[in-house]
Amino acid sequence: MRIDQQHPNGTIMNAIKTYDELADDEKARIGLPFGDTIEDYSTYRVRRNKKNELRSVVGANYSSKRKAEIASRANEPDIVDAMNILYGKGKQKAEAVAKYRASGIDEKQVEAVFNPVRKSNLLDAYLDQQNTTRYQVAKQSGIAETTLMNAAKKSRAIDINTKIIIAIAKTLQKEPGDVLNELIMTEAHRDEAGDQA
């Protein structure tokens, strides 16, 4: 046990203990972050007030096994690395690319998964997000494929004909206003990514 704070009356107010050193009431009061277990810690911080009333018992230091797990995960790519690939520059982007390559994933695959908007045009990008195609819209709504092909040349949602939006809404079983809103969001995301059609 390591005593960090002791009251003049002799009460130990702040101490670091191993699990075996904890009293039964202290073991019953252990509070750990969600997902952590008692085995994840080698020591615990015990806090009491000057009346020796138990205030809290929390994990203090990770066990060597848990430290090794954390260290190994630090080298695995995560969502922050994905965002650095999509939007980062310089050193941040280079480090993220290196992490993904070390794990056997190419940065182009990351871009395809995390930014499906990067397609040749707005309409196809939106339809791809909805797991459908121009052909399916034409088939289910009765609108001509050439009309959809012309709509695919539009780079702004507001320029896509209402007839097209209604046909897409019918195919997706959505309200036309929802489709227009989603097209606008797709356009905005594409523009933020600097990949305007």
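The values are calculated or read from the model by the stated rules, or taken from the named source; none is laboratory data. This structure is a prediction, so every number in the text was calculated from the model and none was measured. Virtual Cβ from ideal backbone geometry, glycine too; neighbours counted across all protein chains shown. Protein only, heavy atoms only, side chains kept; ligands, DNA and RNA dropped before computing areas. Shrake-Rupley method; radii C 1.70, N 1.55, O 1.52, S 1.80 Å.
Here ASP159 and SER72 are evaluated by their C-beta separation; at R0 = 45 Å the FRET efficiency comes out at 0.35.
Taking every protein chain into account, the 1.4 Å probe leaves HIS189 with about 60 Å² of accessible area, to the nearest ten.
With all protein chains in place and a 1.4 Å probe, the accessible surface of the chain carries 50 percent carbon and sulfur. Note on LYS65: lysines with a C-alpha under 22 Å away, same-chain residues under 8 apart excluded, are LYS17, LYS27.
Do the sum for the chain: with -39,500 (n - 2.57) for every DSSP H run of n ≥ 4, divided by all residues, what is the mean residue ellipticity at 222 nm, to the nearest 500 deg cm²/dmol? Mean residue ellipticity, 222 nm, calculated: -14500 deg cm²/dmol.
The gain in end-to-end length when the LYS27 to TYR135 segment is fully stretched comes to 32.5 nm, 0.36 nm per residue minus the alpha carbon separation.
List, in the order given, every pair from LYS67/LYS93; LYS108/LYS139; LYS139/LYS170 whose Cα-Cα distance in the structure shown is over 23 Å.
Working: LYS67/LYS93 27 Å; LYS108/LYS139 32 Å; LYS139/LYS170 11 Å.
Table pairs above 23 Å Cα-Cα are LYS67/LYS93; LYS108/LYS139.
In this structure the chain gives 62 Å² per residue of accessible area when probed at 1.4 Å with all protein chains present.
Taking all protein chains together, VAL80, VAL46, VAL58 sort by accessible area into VAL80, VAL58, VAL46, largest first [probe 1.4 Å].
The alpha carbon centroids of segment 53-70 and segment 13-46 are separated by 7 Å.
Sorting 182-188, 67-73, 154-160 by average packing, meaning the other beta carbons within 10 Å per residue, from highest down gives 182-188, 154-160, 67-73.
In the list (1) 29; (2) 52; (3) 10, the label attached to percent of Cα pairs over 32 Å apart as derived from the coordinates here is (2).
Normalised radius of gyration (Cα atoms, divided by 2.2 N^0.38 Å) for segment 1-105: 1.57. Here the contact order of the chain, divided by its residue count and restricted to Cα pairs under 8 Å and six or more residues apart, works out to 12 percent. Among ALA125, ILE160, TYR62, whose Cα lies farthest out toward the positive end of the dipole of the chain, if unit charges sit on the beta carbon of Lys, Arg (+1) and Asp, Glu (-1)? Of the listed residues, the answer is TYR62.
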